[in-house]
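Everything on this sheet refers to the single structure shown next.
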Amino acid sequence: MKEKGIEQKFVDEVKRINGFAIKLVSPGFSGLPDRLVLIPDGKIGFVEVKAPGKKPRRLQRSRHDQLRKLGFKVFVLDNINQIGGIIDEIRTT
């Protein structure tokens, strides 16, 4: 499955649990994850979506580290089989 398909499946699953998977576009602040995930009970996470087997670029890894240092959960999603686990991890934050 291509990156776009993985991302759409993720967005659909987050909607199914009454959450939002907001596309992040931030001119002037490159490298942010693709999606800001907001789910019931005030749970927040960030998800970088990649094609199967692809890894985040150096700037993306740096932004992920910055977000983690601020206490946020950050995930890299490259397979639809990861979707349930990522959502569960955000729920337990």
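The values are calculated or read from the model by the stated rules, or taken from the named source; none is laboratory data. Keep in mind the model is a prediction, meaning the values are calculated, not measured. Quick reminder, even Gly has a Cβ in these numbers, built from the backbone with ideal geometry, and neighbours come from all protein chains shown.
Would you mention how many residues in the stretch 24-45 are more than 17 Å from Pro56 (Cβ to Cβ) and of a type outside the set (A, V, I, L, M, F, W, C)?
6
Give me the pairs: first residue in the stretch 40-60 and within 14 Å of Glu3 (Cβ to Cβ), second residue of a type in the set (Lys, Arg) and modelled with pLDDT of 95 or more, beta-carbon distance under 6 Å, and six or more apart or on different chains, which are they?
Val47/Arg35
Looking at the stretch 1-16 only, could you name the residues that are assigned to a loop (DSSP other than H, G, I, E, B) and surrounded by 11 or more Cβ atoms within 10 Å (Cβ to Cβ)?
First, pick out the residues of the stretch 1-16 that are assigned to a loop (DSSP other than H, G, I, E, B): 1-2.
Met1 - this is the single residue of the stretch 1-16 that is assigned to a loop (DSSP other than H, G, I, E, B) and surrounded by 11 or more Cβ atoms within 10 Å (Cβ to Cβ).
Just to check your reading of the model, which residue among Val47, Val37, Val74 is farther than 14 Å from Val14 by Cα and either crowded, with 19+ Cβ neighbours inside 10 Å or modelled with pLDDT of 95 or more (or both)?
Details: Val47 fails: farther than 14 Å from Val14 by Cα; Val37 fails: farther than 14 Å from Val14 by Cα.
After applying the criteria, what remains is Val74.
Among the numbered criteria (1) in a helix (DSSP H, G or I); (2) of a type outside the set (A, V, I, L, M, F, W, C); (3) at pLDDT below 95, which one does Gln66 miss?
(3)
Conditions: (1) surrounded by 12 or more Cβ atoms within 10 Å (Cβ to Cβ); (2) assigned to a helix (DSSP H, G or I). Pro56 meets all but one. Number of the miss?
If we test Pro56 against (1) surrounded by 12 or more Cβ atoms within 10 Å (Cβ to Cβ); (2) assigned to a helix (DSSP H, G or I), just (2) comes out false.
Filter the stretch 77-93 down to the residues that are surrounded by 16 or more Cβ atoms within 10 Å (Cβ to Cβ), in contact (Cβ under 8 Å) with a residue 60 or more places away in the chain and not β-branched (Val, Ile, Thr), then identify the one that is nearest to Glu13 (Cα to Cα).
In this case the residue turns out to be Leu77.
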